[in-house]
Amino acid sequence: MANNKNGLKMKKFEFKIDLKTIFISLFIFLFLYQVYKSVKTEVKQALPEKSITSVIQEAKNDQIKQIDVIGNKLIVYYKNSKLALSYKEPEESLKKTLQDDGVKTENIQINVKDAETSSGLMNFLGNILPTILMVAFFIFLFRQAKGAQDSVFSFGQSRAKRFIKSMTKTTFSDVAGVDEAKKELEEVVDFLKHPGKYKKLGARTPKGVLLVGPSGCGKTLLAKAVAGEANVPFFSIAGSEFMEMLVGIGAARVRDLFDNAKKNAPSIIFIDEIDAIGRARSIGMMPAHDEREQTLNQILVEMDGFARTEQVVVVAATNRGDLLDTALLRPGRFDRRIIVDYPDVEGRKAIAKIHAKGKPFAKEVDWDKVAKRTVGFSGADLENMLNEAAIYAARQEKTAINMEDIEEAATKVKLGPEKKRIQSDYDKKLTAYHEAGHAIMSHFLPFTDPVHRISIVSRGMALGFTLIPPAKDKLHETKTHLLEQISVMMAGRAAEEVIFNEVTTGAANDFDQATQVAKAMVVEYGMSDLGPINYGPTIDVTEWGKSYFEQNSISQEMMAKIDKEIKKIIDLSYARALDVIKEKKPLLDKVATALLKKESLDQEEFEKIVGKKPVNPLTE
């Protein structure tokens, strides 16, 4: 910018040369020139043709202004602006021919043009233009392919993105609910920042850290925090980015990635979803030798092969740790295996407070209550819940987010949005008694959890729901509690039978869940008369360093016994549900009536009708 005499700022004119623009402009010019010449030639060829004798006679009469001579062709320009075409004898001079016939040539402008040069230029353009078009077409194809394949000449180059500390704002202070995993990674970062204090005691840097856990629990977030905390180069790549349709590309990219990391050591490599390339290699008489296995073999060599890697730490994440190859998991490659599980109540509280930053909340919001309400929520679920709460509050024209918004968002995250389906009065009554049956059964059994909410508003595929979240995080399940859970699941059908003397299809999902729990009790947990034996399949049986899936052989007689035990558990639970529903029928009617009137009941409203739930003996 420059100032003129009046003090006004004037922008400097900058002229930039763009080779791409010049190339395109030149191409367009040549193309238009060729079109112009071809059109002009066609126009000239369409002129009226006259004999040379007529042209000489018209020249004598002083009617001609100009004649263009192109080889044997004559373009005649008349003084009245007309044109004509004529031909002369080969190798004869037009000027001499006119002079021999007594024509005064000084009054006529004769222009002799080189036909060979003109046709040669046109031939040259005709030959070069297709070549230019072909070259430009291939350049366009290569540039288009570069975005997806990084050009045909760089298949073997790593796709990892390099980060430095200033490029990411995520730090360990932004991570909560996974304190053990955070501590392990903080230690790894400290190893790379201050290697001296560890080497004094003979400690070496861990070569690999594997993060295993369900989706949404913070594995990738932990990696981002490592990138934000570490003052070393951080290379991030997904497992699927190693794979390509060309043979050997995955292994080449692994080599290139580790070469770059070694050149910038100390450094960190993060491989997300490593199960895409780290799955157990094939076993059997004819093992496969596909591209994925070559890539895995190269990773094994790079992490702990003959040439040892110093001060390069590999952090990997997966939610399918059971599928990984045993050679990849051994110490010396992944020295540390960190389980990133669902957060406990304190973790959920801390996560919610992190994601609550930047959002206005009402003073009534109780984060302890929110944490207890969201048992089983992952960090991603909590973030999504608070975002949905903010959206819901904004839709209601509120200035702050309150507990009602959070409750609605939590229900939406787990069950889906409300659906205003058109239902008949009979259907609504069926749904109300079905859900009231679940709630009554859960309320009066001693080891079940309190009912949090009941609703006959449709969400997802369900016409209604009874929300019974665990009161506390549980590490163990008892046989008594599992049996009561099955009774609660069967109580919806029991209520239908007691009230309507009829059964409906609405309990199909309840039966599915009840059967799964009963089957697990018999087959896996040893909670039946068949004794403490596992009758199910065994996964990850390791033999000579190999991991595979083994199906136990069970006789038909034993399978029949298993089926009888499952049916026995279901039948006893259903009979218990019928007894409780019949005994508490007056309260069942009151709850169903309230549901038909309000559509939804929270815990306080429900307990006003049925009374306070006795304290669970297991949670005292």
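Computed from the coordinates by the stated procedures, all read-outs in this text should not be read as laboratory data. If you're wondering where the values come from, they're calculated on a predicted model, not measured in any experiment. For neighbour counting, all protein chains shown are included, and Cβ atoms are generated from backbone atoms with ideal geometry for every residue, glycine included.
I'd like to compare 500-513, 219-232: which one has the highest average count of other Cβ atoms within 10 Å, and what's the full order after that? Spell out each step's value before the answer.
Values: 500-513: 12.8, 219-232: 22.0.
Top to bottom by mean Cβ count within 10 Å: 219-232, 500-513.
Using +1 on the beta carbon of Lys and Arg, -1 on that of Asp and Glu, and nothing else charged, what's the dipole of segment 345-414 about the Cα centre, debye to 20? Please report the intermediate quantities before stating the final value.
Numbers: 13 positive and 12 negative charges, 32 e Å.
The calculated dipole for segment 345-414 is roughly 160 debye.
Relative contact order, percent, of segment 345-414 when contacts are C-alpha pairs under 8 Å separated by at least 6 residues? Before the final figure, lay out the partial values.
Values: 68 pairs, mean separation 26.8, N = 70.
The value is 38 percent.
Within the set Lys183/Lys412; Lys428/Lys612; Lys199/Lys219; Lys363/Lys420; Lys73/Lys96; Lys363/Lys590, which residue pairs have Cα atoms separated by over 23 Å? Intermediate values should be presented prior to the final figure.
Numbers: Lys183/Lys412 33 Å; Lys428/Lys612 27 Å; Lys199/Lys219 29 Å; Lys363/Lys420 32 Å; Lys73/Lys96 16 Å; Lys363/Lys590 34 Å.
Pairs exceeding 23 Å: Lys183/Lys412; Lys428/Lys612; Lys199/Lys219; Lys363/Lys420; Lys363/Lys590.
Test of understanding: what is the full-extension gain from Lys398 to Asn61, defined as 0.36 nm times their sequence separation minus their Cα-Cα distance?
Working: separation 337, 0.36 × 337 = 121.32 nm, distance 9.84 nm.
Here the answer is 111.5 nm.
Highest mean first, how do 565-574, 196-205, 63-72 rank when packing is the count of other Cβ atoms within 10 Å averaged over residues?
On the way: 565-574: 18.1, 196-205: 10.3, 63-72: 16.5.
Descending mean neighbour count gives 565-574, 63-72, 196-205.
Counting only other residues whose beta carbon sits under 12 Å from that of Arg279, what net charge do I get with K and R as +1, D and E as -1?
Details: positive: Arg281, Arg292, Arg320; negative: Glu273, Asp275, Asp290, Glu293, Asp322, Asp325.
Here the count lands on -3.
What is the sum of charges around Leu415, taking Lys and Arg as +1, Asp and Glu as -1, for the other residues whose C-beta is under 14 Å from the C-beta of Leu415? Present the calculation step by step, with values, prior to reporting the outcome.
Working: positive: Arg373, Lys412, Lys414, Lys419, Arg453, Arg459; negative: Asp381, Glu388, Glu407, Glu408, Glu418, Glu435.
In short, 0.
Search the structure for amide H atoms under 5 Å from the amide H of Ile401, placed 1.01 Å from N in the peptide plane, and list their residues when 5 or more places away or on another chain.
Distant-sequence amide H within range of Ile401: Phe361, Ala362.
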